[in-house]
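Since the structure comes first, as structure tokens, the remarks are kept for the end.
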Amino acid sequence: MDNLPCAEPAARPGGKIQWTRSSGRCKSPTVSLAAAFPAPVPLADGLVLRQARSADLGQISALLTDRGDSADALDHRLVVADPEVGWSACAVVVDGERVVSTATLLDEEVRVGGIRLPAGQVELVATDREYEGRGLVRALMRWAHDRSAARGHVVQVMIGIPYFYRLFGYEYAIDIPSALTVHTPPAGEGTPALRVARPADIAAMAALQDMAQDRFDVAMPHSAACWRWLLDHQASTSWVLERAGTVIATGRTTPPDDDEVLVAEAAAANEAAARDLLSAVVAQFPRSELKVVHRAGSVTATAWQEFLDHEPRKRAEQYYVRIPDVAVLLDRLRPLLWQRLDAAGTDRTGDDIVISTFGAHYRIPVGADGLGEVVTGGPMQRPGSVKGIGVAPDHLPALLFGPHGIEGLTRIRPDVYTGEEELFQALFPPLTADLLSYYLPY
């Protein structure tokens with residue numbers, strides 16, 4: 001295996017597991033036994049990459065704890081013990097019987113407009129210190145991407161350490177929202193009934209999150225399985241606020257760290273419930289500085305505006321996105337692109353929408369009542385000459401999922417440009433996003 005130009009990551013890349021609930025979930029296609037349980041892969045120096053087994057649990061737990069913490073080992077156990085996931089989601093590299101590296105690939109679903117995209121996410125990555133720099137993560141990422149393809153994923157999303165995952169085709173695309181400091185708690189009488197969430201609360205919590213995410217262009221919700229894991233894992237606590245026996249608000253908090261507590265995924269039925277939620281969390285952690293993740297335009301963001309310091313973020317934070325097959329993804333997005341084109345009110349019947357990534361290009365025929373199947377062609381260095389768009393492949397995730405849109409990207413990227421601005425501004429507008437992740441990206 002090729003050596004990597006930097007040390008392999010200590011443990012998790014960041015953000016983790018989430019599928020959508022059973023309603024509206026895009027199910028993965030049937031996977032052959034060979035794809036689900038591939039044969040062991042021999043690597044250099046006698047090492048072998050294979051699917052993890054129950055007998056490996058102790059060693060994987062020890063490795064994750066050593067390179068991360070004990071909470072990672074618990075999270076791994078929750079995943080492999082889950083009947084919806086199981087051991088096929090995890091791979092290891094072994095030296096004889098010794099587990100020296102591991103990674104886990106999990107099913108996700110990303111919604112863009114009304115389109116639901118099956119997605120994968122790599123998590124719980126760890127390599128023994130003695131085996132770093134030998135390409136083991138590279139091999140595990142190949143395994144993960146092969147498994148992701150076999151499960152029908154058309155995109156991968158992750159939170160990861162800076163730069164490292166760009167080596168494997170990931171690019172920064174979706175902004176991670178700022179965490180804002182609470183300077184003054186809301187005034188109120190008494191202490192609202194905040195308590196730790198229980199399994200019976202999951203349906204109500206999920207409904208509140210659906211309501212909060214409905215206003216965003218791009219969203220990734222938790223699944224029923226992820227909700228179960230969240231109630232058991234140690235890196236955060238899920239809370240609910242009740243009124244007259246009904247859950248009216250929810251959120252997650254991290255354990256106090258240097259007298260600071262993060263409040264994430266806050267959602268509420270209305271602004272009064274949102275203010276009560278903030279008051280209750282302040283009361284729960286009276287000696288800690290509170291920071292809350294800003295979900296722009298949501299009920300909680302509106303209700304909490306006057307209580308927060310809205311300072312600009314000092315550095316960029318973004319989710320990674322990988323597009324394994326551009327034509328497949330564009331084909332899945334055709335209904336959304338047609339909707340945007342139709343809303344623009346311009347008749348393009350008989351034309352082609354041309355998107356060039358320079359090394360290849362993609363034509364989407366425009367019909368009277370929809371877009372035709374994507375046709376892939378060879379290199380195209382001057383897409384402007386056919387009124388197309390040129391976008392370097394490493395900027396394509398930002399174009400399809402990010403906050404800049406084509407207009408913003410053309411201002412900051414010389415290798416993103418368009419031959420017909422009005423058309424492509426309609427097709428690729430700036431997008432708002434709200435991604436719920438198992439590990440909080442802060």
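Here are the numbers for this structure:
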{"read-out": "Selection count, the stretch 292-303, where residues are without any contact (Cβ under 8 Å) to a residue 60 or more places away in the chain and out of contact with any Asp or Glu (no Cβ under 8 Å at 6 or more places or on another chain)", "value": "1"}
{"read-out": "Residues of the stretch 421-431 classified as buried (at least 18 other Cβ atoms within 10 Å of the Cβ) and either charged (D, E, K, R) or out of contact with any helix residue (DSSP H, G or I) (no Cβ under 6 Å at 6 or more places or on another chain) (or both), total", "value": "2"}
{"read-out": "Residues satisfying the stated conditions in the stretch 432-442, i.e. of a type outside the set (A, V, I, L, M) and surrounded by 21 or more Cβ atoms within 10 Å (Cβ to Cβ)", "value": "ASP434, SER437, TYR438"}
{"read-out": "Condition check for SER385: surrounded by fewer than 17 Cβ atoms within 10 Å (Cβ to Cβ) and out of contact with any Asp or Glu (no Cβ under 7 Å at 6 or more places or on another chain)", "value": "yes"}
{"read-out": "Among the residues listed as LEU399, LEU336, the single one being within 26 Å of ASP175 (Cβ to Cβ) and in contact with a Gly (Cβ under 7 Å, 6 or more places away or on another chain)", "value": "LEU336"}
{"read-out": "Failed item, numbered, when LEU308 is tested on (1) surrounded by 15 or more Cβ atoms within 10 Å (Cβ to Cβ); (2) not assigned by TED's automatic domain parsing to the domain that holds LEU278", "value": "(2)"}
{"read-out": "Residues being assigned to a helix (DSSP H, G or I) and within 19 Å of LEU57 (Cβ to Cβ) - total across the stretch 116-140", "value": "1"}
{"read-out": "Unmet criterion (only one of (1) of a type in the set (A, V, I, L, M, F, W, C); (2) at pLDDT below 95; (3) closer than 21 Å to ALA433 by Cα) for VAL263", "value": "(2)"}
{"read-out": "Near pairs, Cβ below 9 angstrom, 6+ apart or cross-chain, from the stretch 95-115 (in a loop (DSSP other than H, G, I, E, B) and among the aromatic types (Phe, Trp, Tyr)) to any residue that is modelled with pLDDT of 95 or more and surrounded by 20 or more Cβ atoms within 10 Å (Cβ to Cβ)", "value": "none"}
{"read-out": "Strands (runs of 3 or more DSSP E) enclosed by the stretch 159-210 - at least 1 residues per element that are surrounded by 19 or more Cβ atoms within 10 Å (Cβ to Cβ) and aromatic (Phe, Trp, Tyr)", "value": "171-175"}
{"read-out": "Matching residues, the stretch 96-108, being touching a strand residue (DSSP E or B) at 6+ places or on another chain (Cβ under 8 Å) and surrounded by fewer than 24 Cβ atoms within 10 Å (Cβ to Cβ)", "value": "VAL99, VAL100"}
{"read-out": "Residue match in the stretch 342-357 (condition: closer than 23 Å to GLN213 by Cα, exposed (fewer than 13 other Cβ atoms within 10 Å of the Cβ) and not hydroxyl-bearing (Ser, Thr, Tyr))", "value": "yes"}
{"read-out": "Test for PRO221: is it within 18 Å of SER238 (Cβ to Cβ) and buried (at least 21 other Cβ atoms within 10 Å of the Cβ)", "value": "yes"}
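For (1) modelled with pLDDT under 95; (2) small (Gly, Ala, Ser); (3) under 30 Å from PRO403 (Cβ atoms), each residue gets a yes or a no:
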site: ARG116; (1), (2), (3): no, no, yes
site: TYR131; (1), (2), (3): no, no, no
site: ARG138; (1), (2), (3): no, no, no
site: HIS145; (1), (2), (3): no, no, yes
site: VAL157; (1), (2), (3): no, no, yes
site: THR191; (1), (2), (3): yes, no, no
site: PRO199; (1), (2), (3): no, no, no
site: ALA204; (1), (2), (3): no, yes, no
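Each row is one residue, and each column tells you yes or no for (1) among the hydrophobic types (A, V, I, L, M, F, W, C); (2) outside the structural domain of VAL240 (by TED's automatic domain parsing).
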site	(1), (2)
LEU278	yes, no
VAL281	yes, no
PRO286	no, no
GLU289	no, no
GLY297	no, no
ALA301	yes, no
TYR320	no, yes
ASP331	no, yes
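The values are calculated or read from the model by the stated rules, or taken from the named source; none is laboratory data. Just so you know, these numbers come straight off a predicted model, no measurement behind them. So basically every Cβ, Gly included, is an ideal-geometry build from the backbone, and we count neighbours across all protein chains shown.
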